[in-house]
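This report concerns only the one structure given below.
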């Protein structure tokens, strides 16, 4: 999709795809159509590169924060309550645990990723 974004008096024609954004042109004139905002669900905002696998049990973030470590790997068997990763929020370390017994099908975050509440972190 193409948007015209005005920033500091300059208009930027921006093309946004699912994986990136490209500036197509810059001008000092007013846009001919109202500027549209970039969708809030841009993948770069959360650092998540892939969509969750359907049909599994999602492990979601209980709060916004930063992933400090990921201790599980794809294909690993886990039991309910096993620590999968550690999330730092408000200078506190929070263990993210498996909600049920299963096998890790997908891990959607890595160390240093910033996540929001209810972001899918992994799929069992």
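The listed residues are 40, 49, 72, and the only one of them that is farther than 11 Å from residue 108 by Cα and at pLDDT below 90 turns out to be 40. Name, by its number, the condition in (1) at pLDDT below 90; (2) assigned to a strand (DSSP E or B) that does not hold for residue 54. Every listed condition holds for residue 54 apart from (2).
Scanning the stretch 87-107 for residues that are in contact with a strand residue (DSSP E or B) (Cβ under 6 Å, 6 or more places away or on another chain) and touching a residue at least 40 places away in the same chain (Cβ under 8 Å) yields 105, 106.
Take residue 61 and decide whether it is touching a strand residue (DSSP E or B) at 6+ places or on another chain (Cβ under 9 Å), closer than 30 Å to residue 100 by Cα, modelled with pLDDT under 75 and surrounded by 14 or more Cβ atoms within 10 Å (Cβ to Cβ). Give the steps one after another, and end with the answer.
On the way: touching a strand residue (DSSP E or B) at 6+ places or on another chain (Cβ under 9 Å): yes; closer than 30 Å to residue 100 by Cα: yes; modelled with pLDDT under 75: no; surrounded by 14 or more Cβ atoms within 10 Å (Cβ to Cβ): yes.
Taking the combined requirement at face value, the residue does not satisfy it.
Restricting attention to the stretch 59-82, and to residues there that are without any contact (Cβ under 8 Å) to a residue 60 or more places away in the chain and part of a strand (DSSP E or B), which single residue is nearest to residue 117 (Cα to Cα)?
The first filter runs over the stretch 59-82 and keeps only residues without any contact (Cβ under 8 Å) to a residue 60 or more places away in the chain, leaving 62-82.
Now restrict to residues that are part of a strand (DSSP E or B): 65-70, 77-78.
On the way: 65: 8, 66: 11, 67: 13, 68: 16, 69: 18, 70: 18, 77: 25, 78: 23 Å.
Of everything passing the filter in the stretch 59-82, 65 is nearest to residue 117 (Cα to Cα).
The values are calculated or read from the model by the stated rules, or taken from the named source; none is laboratory data. It should be emphasised that the depicted structure is a prediction, and the values quoted were computed from it without experimental measurement. Reconstructed Cβ throughout: ideal geometry from the backbone, glycine too, with neighbour counts over all protein chains shown.
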